[in-house]
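I'd like to ask you about the structure that follows.
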Amino acid sequence: MLSLASRFPDVRFLIVGDDGTGRGASKNVEFLGYQNEMDSIYARSHALLRLPRHDGLSYMVLEALNHGRQVIWNLPFEASLIGRTENEVACHIRELRAALATGTLAFNERGRDVVHETYSGSRIRYLIRIKLKATLGEGRRPANASVSTCPSPAPAHSPHSRPSPGARLP
């Protein structure tokens, strides 16, 4: 990340999750440390650059997209730019910088829509209901199913189980 910042001295880099202790960085880098609330940081940003070595579905990416920000990530994700190498990331930064300079850097509406359509609370609740209904069969018994009136079989005694007090063993 710091090498990218040195390649683009006219681009401001806000680094979250690192306080910069022991790091020499150029003047365009601001270390913000760990943050509990990111809304104000997204308000100050045009893009999110996320390049972890290992990552799953990143909440930070979803948040940035939900705020309409451009995202450069080293994993493929709809409505984001993929940058697996420093040169790919640098190319995206150049494109975003040029769009910002000409006033054509757009709000990432598609990114926000993807988050709302796929990850909103109402969408997740809907999908859970669908899965539960499918799994539980909506609480209905098939028409040809019979209800057994037989008692459940008694559990078999295991040599590893302890009998309850007063129980008789065969």
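The values are calculated or read from the model by the stated rules, or taken from the named source; none is laboratory data. The structure presented is a predicted model; accordingly, all values stated were derived computationally and were not measured. Every residue, glycine among them, receives a Cβ derived from its backbone with ideal geometry; neighbour counts consider all protein chains shown. Keep in mind that these areas ignore ligands, DNA and RNA; they rest on the heavy atoms of the full protein, side chains included. Shrake-Rupley method; radii C 1.70, N 1.55, O 1.52, S 1.80 Å.
Taking the Cα-to-Cβ direction at Phe107 and at Asp18 and moving 7 Å from each Cα, how far apart do the two end points lie in nm?
3.2
So for each of 122-134, 38-50, 11-23 I average, over its residues, the number of other beta carbons within 10 Å; can you give me the resulting order with the highest mean first?
Put in order of decreasing packing, that is 38-50, 11-23, 122-134.
Once ligands and nucleic acids are excluded and a 1.4 Å probe is used, how much of Glu95 is accessible, expressed in Å² to the nearest 10?
My reading of the accessible area for Glu95 is about 100 Å².
Related question: Below 8 Å, C-alpha to C-alpha, sequence gap of six or more: please give me the relative contact order for segment 1-111 in percent.
That works out to 18 percent.
Nearest 0.05, what FRET efficiency do Ile41 and Lys133 give at R0 = 30 Å with Cβ-Cβ as r?
Here the calculated transfer efficiency is 0.15.
Where does the charge balance sit around Pro9 when Lys and Arg score +1, Asp and Glu -1, over other residues with C-beta under 12 Å from its C-beta?
+3
Cβ under 14 Å from Leu75's Cβ, Leu75 left aside: what net charge do those residues give with Lys, Arg +1 and Asp, Glu -1?
Computed value for this residue: 0.
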